[in-house]
Structures are given as C-alpha cells and as structure tokens.
Amino acid sequence: MTTPNGVGLTSVLVAEARARESRRADRLFEDPFAQRFVDASGWQPSAESRRTTADRYGFTWVSLRTRFLDDVLREALDDGCTQVVLLGAGLDTRALRLGIEVPVFELDTAEVHAFKRSVLHEPSSRVEVVADLREDWPDTLRALGFRADRRTAWIAEGVLLYLSAAEVEAVLTQVSALSVPGSVFGTTLTPAGYLDRIETPAEPDGDPLAPGNVAAMWRSDGPADPAGWFAGFGWRATVFRPGERARAYGRDFPDNPNPNRLLVSAVRETPAPRPDTGTPR
Ligand SMILES: C[S@@+](CC[C@H](N)C(=O)[O-])C[C@H]1O[C@@H](n2cnc3c(N)ncnc32)[C@H](O)[C@@H]1O
C-alpha cells in the first residue's frame, strides 16, 4: 500500500481533522475510520506544522463543512435522490458513516483509491471511479452504472480549489448536463480574492502538508457572486458562511478576520441542456 502524493495526500489532512472531531464529546459527526487512514499513511507532521495547521488551515473548517455536507446529503436522499457522486472523494467515508444504500460513486485518482481500499474493508455501496476531473470523467462514470435520468446528490468537498477556474467551469457544465431537476449539489467554495490573501510561504523541504505547501496546490478562487454563478448553470444555490453554520451547530468560528471558505447547497431547477444536434429546438 502506498500513501498518495501531492494533491492526493491532502485527503490525509482531512482525515486527521475528522479523527480529531470524532474524539470530541460534542462532536458534529463521528468518523470511526478517519484515524485508520492517518495511521496507515505514515504522515508525521512536525509539532510546528501540526500547530499551524490547526490554527490556520483550520481543522474546525473541515468539521463544519463535513457536518454541513452530511446534512445536505441526508436531506437529498430523504427527498428522493437515488445516487450519490463524490467528486474528489478522497478518504470520505460517508457511504459507510451514513449507511447509504444507493450507489455512492467515488471519483478520485487511482492512487487515492488504492490507499483507501487498503485501509477500508467494510462492505458498502461505494463504487470506485478512477478519473481525473480535468478530463472526460462523465463517460467513466456512466460506464460504471451512473444514470443521468435519475436524481443525483453531488458532493464536491474541498476539491474545486485544486482546479483552475476554467476547469471548475467545465466541471459544473458537465455536472449540470448530467443532472435532472431535483438533483442536489453540495460543495465548498473559496471566496473571490482568497488566494491573493494567502501569506503562508511554501516549505519545499518541510512537511508536505504544512499549510504553505497545501496552499501552494490551490489553483483558483470561487466566483464573486456564487449564487448568481450557480443560477447561470440552472441551479438555485443557498450560500452559507462557516461562522453562521458554526453558530447553528453550537461552535465558535470567527466570521472576521477569517471569511475563509463558503458552504453551498444547490438544487437543479432547469432541465439538463440537450446535446447540440444541429436541429432547431
Ligand atoms: C482535500 S482532499 C478532499 C477529499 C474529500 N472530498 C474529503 O473532503 O474528504 C482533495 C481530493 O481531491 C482529489 N482531487 C484533486 N484534484 C483532482 C482531479 N483533478 N481529479 C480527481 N480528483 C482530484 C485529491 O486526490 C484528493 O483526494
């Protein structure tokens, strides 16, 4: 078993955050598998890296977004979505944690899947989708049983910022084309201008998951008007600041000076565009 490198390794950082949250008496969720991933990864953060990661990268942010997207997903399934797609699934264990019985298509790289499979042996409804979000992933998804005529709950958690703005646009175009009305899209977004405000330098010889090294992998900010941006693709989006969600969950998280990321829950409103056949509609 090999621990993923580069952007794939960031999934271990998220597992560390979930393992910490799971040990709290007032936990927002319980992920009994997260510590296993951290242990198997062999990741050894320096004390300094662990401290700054907790302070600045924000384990609390991961806890908030996990709980938020758990709720989005549960509601989508209760409301009639019959398949789930996790874009950049990493070490997400929702298929098991939430006892999901419908297919959970987990899209990520071959090395992340191999690592995950080596740690997670429990039977579940998860389906491994080895694909790159910058390439033609919808065909791979369909070949594994995804049905574009069924309502889907999509989750893109902590992944869009690793793509360029053009790649994010392409992903949302593809997701929209695969989504019948009533489908749900839950995601994290980075506020416009966020990348310009990052002050943590990369440490080429340091812990690969030191805050500056993770930030060095981020490629794009989110749109300036997230709800308007989603509306342009035919989605009705509700956008939350993490501080607002934190208060709803009984947690403390400053809105300022840390606007941090955004949490989005969107519902597909308009029919998916039909392929351009060259004939007038
Ligand atoms: C920070 S982790 C988040 C993982 C997961 N969504 C979670 O919250 O636990 C980012 C994940 O996105 C995946 N990823 C990044 N870019 C990708 C791409 N172009 N195609 C597929 N997966 C990608 C990485 O391999 C990694 O597992």
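Only residues that are aliphatic (A, V, I, L, M) and surrounded by fewer than 18 Cβ atoms within 10 Å (Cβ to Cβ) were counted in the stretch 87-118, giving 4.
Which ones in the stretch 179-193 are farther than 23 Å from residue 217 by Cα, under 18 Å from the mean Cα position of the chain (by Cα) and of a type outside the set (Ser, Thr, Tyr)? Result: 184, 185. Applying a threshold of 7 Å to beta carbon distances and a minimum spacing of six or more residues, or different chains, the list of pairs starting in the stretch 214-243 at a residue that is part of a helix (DSSP H, G or I) and ending at one that is of a type in the set (Lys, Arg) reads 242/261.
Pairs are defined by a Cβ separation below 7 Å, a sequence spacing of at least 6 or placement on different chains, a first member in the stretch 105-121 that is at pLDDT below 95, and a second member that is in a helix (DSSP H, G or I); no pair meets this definition. Here the stretch 143-165 is the region considered, the condition is being under 13 Å from the mean Cα position of the chain (by Cα) and among the small types (Gly, Ala, Ser), and the residue that is nearest to the ligand (Cβ to nearest atom) is 158.
When 109, 140, 173 are screened for being near the ligand (Cβ under 9 Å from one of its atoms) and either polar (S, T, N, Q) or in contact with a strand residue (DSSP E or B) (Cβ under 6 Å, 6 or more places away or on another chain) (or both), only 109 passes. Annotation note: Cβ proximity below 6 Å between a residue of the stretch 176-189 that is surrounded by 20 or more Cβ atoms within 10 Å (Cβ to Cβ) and a residue that is assigned to a loop (DSSP other than H, G, I, E, B) and basic (Lys, Arg) (sequence gap 6+ or interchain) occurs for 183/151; 188/261.
Cβ separations smaller than 6 Å between residues 6+ apart or across chains give the following pairs from the stretch 73-100 residues that are modelled with pLDDT of 95 or more to residues that are within 11 Å of the ligand (Cβ to nearest atom) and of a type in the set (Lys, Arg): 91/116. Scanning the stretch 8-29 for residues that are over 14 Å from residue 119 (Cβ atoms) and basic (Lys, Arg) returns 20, 23, 24, 27. A single member of 236, 261, 241 is basic (Lys, Arg), touching a strand residue (DSSP E or B) at 6+ places or on another chain (Cβ under 9 Å) and modelled with pLDDT of 95 or more, and it is 236.
Comparison of 62, 7, 84 shows that the only residue that is among the β-branched types (Val, Ile, Thr), crowded, with 23+ Cβ neighbours inside 10 Å and within 14 Å of the ligand (Cβ to nearest atom) is 84. Scanning the stretch 88-117 for residues that are among the aromatic types (Phe, Trp, Tyr) and farther than 22 Å from residue 142 by Cβ gives a single hit, 115. Here is the figure for the stretch 138-169: residues that are under 19 Å from residue 181 (Cα atoms) and either in a loop (DSSP other than H, G, I, E, B) or in contact (Cβ under 8 Å) with a residue 60 or more places away in the chain (or both) total 11.
Scanning the stretch 132-166 for residues that are farther than 27 Å from residue 75 by Cβ and either touching a helix residue (DSSP H, G or I) at 6+ places or on another chain (Cβ under 7 Å) or surrounded by fewer than 16 Cβ atoms within 10 Å (Cβ to Cβ) (or both) returns 132, 134, 135, 136, 139, 143, 164, 165, 166.
The values are calculated or read from the model by the stated rules, or taken from the named source; none is laboratory data. In this text, all values refer to a predicted model and were calculated from it rather than measured experimentally. Methodologically, a virtual Cβ is constructed for each residue, glycine included, from the backbone with ideal geometry; neighbour enumeration extends over all protein chains shown.
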